[in-house]
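What follows is a short report on a single structure.
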Amino acid sequence: MTPRALGGRVLDWLEQRLPLSEWLAFVAHLGVVSLPLDTRRPVRELLRELDRTLVPDTLRGPQILAALAGILFAFEAVTGLLLAFHYRPTPEAAHESAMAIVRDIPFGGAIHQLHAWGALALVAVVALRLVRLFWDGLWRSPRELLWVSGVALVWLALQFDFTGRLLPWDQAGYWSTVRGLEVVYALPLVGPVLSFLLGGRVMGEEVLTRFYVLHVLVLPILWTIALTVTFSTLRRVGFADSTLPVSARRDTTFRHHRYDLAFVMLFLFAVLVTVGALAPFGVRLPADPYSTPVHAGPPWYMGAVFLVQERVPLASWLVGGSLLAIALAVLTLPWWAGRLGERFPEQRLRLAGLVTVAAWLVLGLAAAIVGRL
């Protein structure tokens, strides 16, 4: 019996006992395909029909960024689960368990590198995707939720990075988290709420436990919801080229789409393995709460705010309020920018966005330079 025939028999056996067609239709509703499926039909017929269905080619051009975000999150979920088998979230055992993973567990070092570099790649991908949505005007009606979910994915990716820094309980990650929390605590309203949720401002077992729960449970659930909203919105309102003539659109069959997706996953895995081997992340000395490093600073994406708060007297409240106002303006962009219309044309909006990003990058670079002096 050939593998194909054996697979068909297994599928038929499962279909007699499970509602496979309904499961497939549920996955399709999440945005995997844009074809409504008749759940009364056998799943093998639905699969054959799907293979012949034309779907937008989302694995070429800027559209690939959404797929990359989903693939990278899958990598992070798998590698994170493997790391969690050997990690112990207590100040006494966290660093020792992290060292044991890298040093003693078979393939532990490789899994750690995949997880660390995958996290950086995830931040880069969702940030580039948000820039693309902004630049191409894909926040306009009826794609408002696409923009909101894009902002949510960027925020969640940064939270993944921030909470993950503390888990190895090494000196660099510990003090980077301390400085980052100082930036957040200075924010009006957000700071006191976060202090309450974390159980106080003393970095200890309570904070580590809450960061661990956020990293492995709360944030993955929120990410899944945001990614589901993204793909469901794309399924409902279409992609950026959905308004173009049929001859100008790039479509492919679902079968070829699956092959392309497998190739992208394999290529991305190879890139992460290569980068991890050439430039590995290391677990450094254990955290010492009584020995502050000379140039301890927050994560790179908080450098700009940290620099202003440190260098400008009495600016914490002003910087915090301004940061919250900017975050709210970014999140609600489709509504206030749409109302301004011709009074604030798209060219000016793009210029304002470029100036904001440039200022953030320059201040962040200045914070990194000052921290090394």
Can you tell which of D260, D38, D170 shows the greatest fluctuation in a Gaussian network model of the chain with Cα springs below 10 Å? D38
In the chain, with Lys and Arg counted as +1 and Asp and Glu as -1 at Cβ, which of these residues, P106, L349, P3, has the Cα nearest the positive end of the dipole, that is, farthest along it? L349
Tell me which residues come under 5 Å, amide H to amide H, from V55 once H is placed; ignore anything under 5 positions away on its chain. T252, T253, F254
Label model pair R17, R350: point-to-point distance (7 angstrom along the Cα→beta-carbon line) in nm is 5.8 nm
I'd like the FRET efficiency for Y185 and W135, computed as 1/(1 + (r/R0)^6) with the beta carbon distance as r and R0 of 35 Å, rounded to 0.05. 0.55
Name the most mobile residue of S195, S291, S149, meaning the one with the largest mean-square fluctuation, in a Gaussian network model of the chain with Cα contacts below 10 Å. S291
Under a crude label model (7 Å from the Cα following the beta-carbon direction), how far is V273 from V10 in nanometres? 2.3 nm
Which ³J(HN,Hα) values in Hz, rounded to whole numbers, follow from the phi angles of the stretch 277-287 under the Karplus curve 6.51 cos²θ - 1.76 cosθ + 1.60, where θ = phi - 60° and Gly and Pro get x? 6, 7, 9, x, 7, x, 8, 8, 4, x, 5
Test of understanding: in a Gaussian network model of the chain with alpha carbons linked when under 10 Å, which of L222, L340, L189 would top the mean-square fluctuation ranking? L340
Give, in nm to one decimal, the length gained when the segment between T224 and R88 is fully stretched (0.36 nm per residue of separation minus the Cα-Cα distance). 46.5 nm
Of the listed values (1) 38.1, 111; (2) 23.4, 77; (3) 22.8, 82, identify the label whose number matches Rg and Dmax of the Cα atoms in Å calculated from this model. (2)
Run the quick spin-label model on V362 and E206: label points 7 Å from Cα toward the beta carbon, then report their separation in nm to one decimal. 4.2 nm
Cα long-axis angle, helix 144-166 against the chain (0 to 90 degrees, to the nearest 10): 50 degrees
Given a 1.4 angstrom probe, I'd like the percentage of the accessible area of the stretch 1-154 that is carbon and sulfur, rounded to a whole number. 67 percent
At what distance in angstrom do the alpha carbon centres of the stretch 42-104 and the stretch 162-181 lie from each other? 24 Å
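Placing +1 at every Lys and Arg Cβ and -1 at every Asp and Glu Cβ, with all other atoms neutral, what dipole size does the chain have around its Cα centre, in debye to the nearest 20?
Numbers: 32 positive and 26 negative charges, 178 e Å.
The calculation lands at about 860 debye.
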Would you mind calculating the relative contact order of the chain from Cα pairs under 8 angstrom and at least 6 residues apart, reporting the percent as a whole number? 24 percent
Work out from phi, with θ = phi - 60° and the Karplus expression 6.51 cos²θ - 1.76 cosθ + 1.60, the ³J(HN,Hα) of each residue of the stretch 84-94, listed in order in whole Hz, and give x for Gly and Pro. 5, 4, 10, 9, 10, x, 10, x, 6, 10, 4
What is the angle, in °, between the Cα long axis of helix 171-185 and the longest principal axis of the Cα atoms in the chain? Nearest 10 is fine, range 0 to 90. 90 degrees
Find how much the distance from S291 to R52 grows on full extension, using 0.36 nm per residue of separation minus their present alpha carbon separation; answer in nm with one decimal. 79.7 nm
Nearest 10 degrees, 0 to 90: what angle lies between the long axis of helix 219-237 and the longest principal axis of the chain (Cα atoms)? 50 degrees
For A287, distant residues with modelled amide H under 5 Å away: D170, Q171
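The values are calculated or read from the model by the stated rules, or taken from the named source; none is laboratory data. From a predicted model like this one, the values you see are computed outputs, not experimental measurements. In this analysis, Cβ positions are derived from the backbone assuming ideal geometry, glycine residues included, and neighbour counts consider all displayed protein chains. Heavy atoms of the whole protein, side chains included, go into the accessibility calculation; ligands, DNA and RNA do not. Shrake-Rupley method; radii C 1.70, N 1.55, O 1.52, S 1.80 Å.
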